[in-house]
Amino acid sequence: MSAVLPIAPAALAHSEGVWRTAWRRFRNDRVGMVSLLIVTGFLVLIALSATGVVAGNWQREVGVPNAPPTVLGPRPPEDLGTIEVPKGPNVDLSDIDPLAPKYKEWAERAAQMKTQETPRVDTLPFGGDRLGRDVLSKAIKGTEISVFVGVLAAVLATLIGTLFGAAAGFIGKRIDDFLEWLYNVFTAVPDILLIFAFAAVFGRGIGTVVLILGLTGWAGVYRQVRAEFIKHRNREYVRAAEAIGASAGSRMFRHILPNVSHVILVRLSLLVVGFIKAEVILSYLGLGVPVDQVSWGTMLSEAQAELILGYWWQLAAATLFMAVFVTAFSLMADAWRDALDPKLRGAE
């Protein structure tokens, strides 16, 4: 009789973890990888802007007012027309304009000030605003604030909604009743009224905007996460974890949460897009970032008046930056959702 050789522990097959499997599947998604690179580029740009390496002097007036983009070339000087001044030996200009004697003195002072200030350029890469500030620098600095507000507020809302939804769906009973009551209270009041109410209480500022959006945007995440936890809490793998002595927290966050993470990522991506738009609205209404800061919202607010005069480049720059980031972030979140979806993992 031949002896049965024992199997060495190293020869045993080890299954991949959830996150390692998801990363392997994510790398095979070309659109997701390109989107990840674009989002990473934006994050690097934000870090450089926060440290002052780029766009540190965005408030500096480097160009002429409403300087056009470089590709358009300098705009022709505006023809302001001529003023017919009466002539004659008996004509006194002070009778026509009481300030006429001061014109020569003011012109000399203006000439002295003009020679002392730094010369301004006629064109800028992305154009200039009404004060001559570089629109490209403003768009980069605005990216820092808008993305910071949108992402951080979305993470805060997702965290609150996930914790509340997990507790309500897994534990249930009185906790579920209380959180359902709280959810109904928040959803019964229109979002814009909640935002205005929190803004009146907390005041104005970047941190306030993040707090306002985070505290008012968790309801949708809570509802979906609660439903997913109710669906998963009695499944076989959760009961098996309970049978081997896993605690309630371990079953909630180590077993169920990875299997519902694709739903959370979808909600997170939607909240980021929605909160960036909300920041635009709040800044337009004067409840967003302070006046000494710049964001995509303040740029679009300024561009509204400039567009009437034909100066479209500030609107185009803010829209381009916002569209590229929002699209790349949404595609990246969709790729992560597909990589984490347990149904797609089981189909491999």
- Query: If you take the residues in the stretch 244-300 that are among the aromatic types (Phe, Trp, Tyr) and touching a residue at least 40 places away in the same chain (Cβ under 8 Å), which one is farthest from residue 336 (Cα to Cα)?
  - Reply: 296
- Among residues of the stretch 139-181 being of a type outside the set (A, V, I, L, M) and within 14 Å of residue 267 (Cα to Cα), the residue modelled with the lowest pLDDT is 150
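Is at least one residue of the stretch 269-285 among the acidic types (Asp, Glu) and in contact with a helix residue (DSSP H, G or I) (Cβ under 8 Å, 6 or more places away or on another chain)?
The first filter runs over the stretch 269-285 and keeps only residues among the acidic types (Asp, Glu), leaving 279.
From what is left, the residues that are in contact with a helix residue (DSSP H, G or I) (Cβ under 8 Å, 6 or more places away or on another chain) are 279.
Yes, that holds for at least one residue.
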- Query: What is the number of the single condition among (1) of a type in the set (A, V, I, L, M); (2) at pLDDT 90 or above; (3) in contact with a Gly (Cβ under 9 Å, 6 or more places away or on another chain); (4) buried (at least 21 other Cβ atoms within 10 Å of the Cβ) that residue 213 does not meet?
  - Reply: (2)
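When only residues in the stretch 276-325 that are β-branched (Val, Ile, Thr) and either in contact with a His (Cβ under 9 Å, 6 or more places away or on another chain) or surrounded by fewer than 18 Cβ atoms within 10 Å (Cβ to Cβ) (or both) count, which is farthest from residue 217 (Cα to Cα)?
Residues of the stretch 276-325 β-branched (Val, Ile, Thr): 276, 280-281, 289, 291, 294, 298, 308, 319, 324.
So of that shortlist, the ones also either in contact with a His (Cβ under 9 Å, 6 or more places away or on another chain) or surrounded by fewer than 18 Cβ atoms within 10 Å (Cβ to Cβ) (or both) come out as 281, 291, 308, 319, 324.
Details: 281: 15, 291: 25, 308: 35, 319: 24, 324: 24 Å.
Checking each candidate, the answer is 308.
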- Item | Single residue of 186, 178, 196, 170 found to be in a helix (DSSP H, G or I), buried (at least 19 other Cβ atoms within 10 Å of the Cβ) and not polar (S, T, N, Q) | 170
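The values are calculated or read from the model by the stated rules, or taken from the named source; none is laboratory data. Owing to the predicted nature of the structure, the values given are computational and were not obtained by experimental measurement. Cβ atoms come from the backbone with ideal geometry, glycine included; neighbour counts cover every protein chain shown.
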